[in-house]
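Remarks on the structure that follows.
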Amino acid sequence: MAVTLFDSHRRFLQTIMCNGIMEGSKAKAVHRHCCEVYHTPYTDDSLDEFIDLINSYLQPLFMQIRKGMSEDDGLQYYTLVNMAETDITRMSSDYADNELELFRKTMDLIVDSENGTASSTDVLNCADSLQTKKMKKKETEQVLSRLVQDKWLNEKHGEYTLSTRCIMEMEQYIRNIYQDLVKSCAICHNIAFQSQMCCNPSCGIKIHIPCAARYYKGRVDPRCPACSKFWPHEIPAIRTSSQVSTLSPPVASAISTSQSRRMR
Amino acid sequence: MSQKRRLAGTQSSQSRVFMPNEVVMEEDEDVSFTQPSSSQLQRGLDRLTPAQVDRKVAEVVQFILIKDQKKVPIKRADIVKNVIKEYKNIYPEIIKRANMKFEKVFGFQLVEVDPKNHAYILVNKLEQNPRQPAVMSPGHPKTGLLFVILSVIFMKGGVVKEPVVWNTLKKLRVDQGEKHEEFGDVKKLVTEEFVRQRYLEYTRIPHTEPLEHEFRWGVRAEKEVDKMKMLEFVSQVHDQEPQTWTKQYKEAMAAKGGSSRS
């Protein structure tokens, strides 16, 4: 801890906390913005260094800004994780006991599934068998939408998946509870839910979809990196960050125009 | 005397994690916490290893951060019951160190808002800049709405009757009677949520029939919002110099002097 934190670091940390989770390109923009506002030296590639310094102060508090890949778009995200208490008790101040049980059941379904998803029908059916306190369908739907809103779950076409933030924050907890039931991605070695699995029953390794896209890019004869058997899945296309950030230019220009308007 | 010697002894023998500034902090008695007495506190600290104390401080920091997400004052009783527990006898020391972490690492400050019931809020010590693009600032669209209300109150001398606020918002197409796309129930947001978060004070004007209410700045607003920045912003909108508003300018200058001291 030779170097002290400046307000630019504090502002960056606050912004991450407020957003819950932040995509890499946005984190870069925020980094730059924070350095400009507080006149801190800035270089284009120093984000990780910047974060390391913040982390050296967070470590005694059992917290950390961690970088992780989203299983959906393959992009890097940053979030503040709590390392002391990696289980669901982290959520306990916001959710009732039966709501937490529903979340655990949803997690069970996701872990048990092959592709890392749980259908809303299955989750709704769980609600009848909650031991703490049963939940009506309507109630269950509300809890689920709150879990999505609070960024613990993602929902797409009636299928629930664990959000990037949830996986990053609860990775240790999930590994402890489910042990051998969860697998790591053979490419990036992080825990894998939404993934492709090797069809060889004695192998059965998993690869994240975005990792598969990168790994198999341009290969004519895709094979399993572990057992060399043919990889029978469709090779997904790489989603580059430029594709995703097509959304951001209008936002960026909106910022700059509103700013210049106010400057006058 | 013997207390002090013993403390010095423990430090040298078992404190690899002990930070040098902690010794200094123990001498500077914080008056806002009267119980337990300083000698009790010292004895309590003697019985624990620095690592144990650090761990407790970290737990308190986390607890307050999680609780603060709701922006509702956090009761001392809750902190003691849920986190501090058997470390109750060194409570003031733990809170003091937690506050140092908040200031040094997060740019927050722990403020006691309710001395009777001992409740705290976390206020942001980083400069709030109204011109900052909303996407970059930690906060919600609600902050914009709040900012408008606070500036109306400030420019009108610190207190306004309820209809003044509603009429201002109406001009911005935010109607208290209607459900707003972004803010939902506007009346509830302004008179309940902002009040609970201590951004606004909403009080009944005595002896009025029918009932009338007025708005003032809440404790959190006083701590977090830079009046000079607000005045500069308002004067830019009106294309005037901040000094045009003599009273507000004086008040903003006074607030500036006050905050730079702390």
Hey, what do the phi angles of segment B:185-199 turn into as Karplus ³J(HN,Hα) couplings, whole Hz, using 6.51/-1.76/1.60 and θ = phi - 60°, x for Gly and Pro?
-> 6, 5, 4, 5, 4, 6, 8, 10, 5, 4, 6, 4, 6, 6, 7
Near the amide H of B:Asp114, under 5 Å away, which other amide H atoms are found, from residues 5 or more places off or on another chain, if H is placed in the peptide plane?
-> B:Ala119
Ranked output for segments B:209-216, A:52-59 by mean other Cβ atoms within 10 Å, highest leading, reads A:52-59, B:209-216
Considering amide H positions built from the backbone, and no H for Pro or chain starts, which residues 5 or more places from A:Lys229, or on another chain, come under 5 Å of its amide H?
-> A:Cys224
DSSP-assigned coil residues among trypsin sites (Lys or Arg not before Pro) in segment A:15-106, each with at most 15 further Cβ atoms within 10 Å | none
For B:Val164 and A:Met197, what does the FRET efficiency come to when R0 = 51 Å and r is the distance between their Cβ atoms, rounded to the nearest 0.05?
-> 0.20
What are the residues whose amide H is under 5 Å from the amide H of B:Glu127, where those residues sit 5 or more places off or on another chain and H is modelled from the backbone?
-> none
Using θ = phi - 60° and the Karplus form 6.51 cos²θ - 1.76 cosθ + 1.60, what ³J(HN,Hα) does each residue of segment B:164-178 get, whole Hz, x for Gly and Pro?
-> 4, 5, 5, 5, 4, 5, 4, 4, 8, 6, 10, 10, 4, x, 9
Hull volume per residue for chain A, using the convex hull of the C-alpha atoms, in Å³ is 174 Å³
Return the lysines within reach of A:Lys183: Cα separation strictly under 20 angstrom, same-chain partners fewer than 8 residues apart disregarded; answer none if there are no such residues.
-> A:Lys67, A:Lys105, A:Lys206, A:Lys229
Can you give the Rg and Dmax of segment B:134-225 based on its C-alpha atoms, in angstrom?
-> 13.0, 45
Leaving out same-chain residues fewer than 8 places away, which lysines sit with a Cα under 21 Å from that of B:Lys170?
-> B:Lys142, B:Lys156, B:Lys161, B:Lys179, B:Lys187, B:Lys188
Within segment B:154-172, whose backbone N sits under 20 Å from a point 7 Å along Cα→Cβ of B:Thr246?
-> B:154-159
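Tell me what chain A gives for mean residue ellipticity at 222 nm when only DSSP H runs of n ≥ 4 count, each as -39,500 (n - 2.57), the sum divided by the residue total, rounded to 500 deg cm²/dmol. Present the calculation step by step, with values, prior to reporting the outcome.
Working: 10 runs with 117 residues, N = 264.
Taken over chain A, the calculation gives -13500 deg cm²/dmol.
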Summing +1 per Lys or Arg and -1 per Asp or Glu among the other residues with Cβ less than 14 Å from A:Ile238's Cβ gives +1
Roughly how big is chain A's charge dipole about its Cα centre, with Cβ charges of +1 (Lys, Arg) and -1 (Asp, Glu), in debye to the nearest 20?
-> 640 debye
Out of B:Thr49, B:Phe63, B:Pro92 - ranked by how far each Cα lies towards the positive end of the dipole of segment B:34-124, with unit charges on the beta-carbon of charged residues - the top one is B:Phe63
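Rule-based calculations on the coordinates, nothing more; no lab input. Being a predicted model, the structure only gives us computed values, none of them experimental. Every residue, glycine as well, gets a Cβ built from its backbone with ideal geometry; the counts of neighbours run over all protein chains shown.
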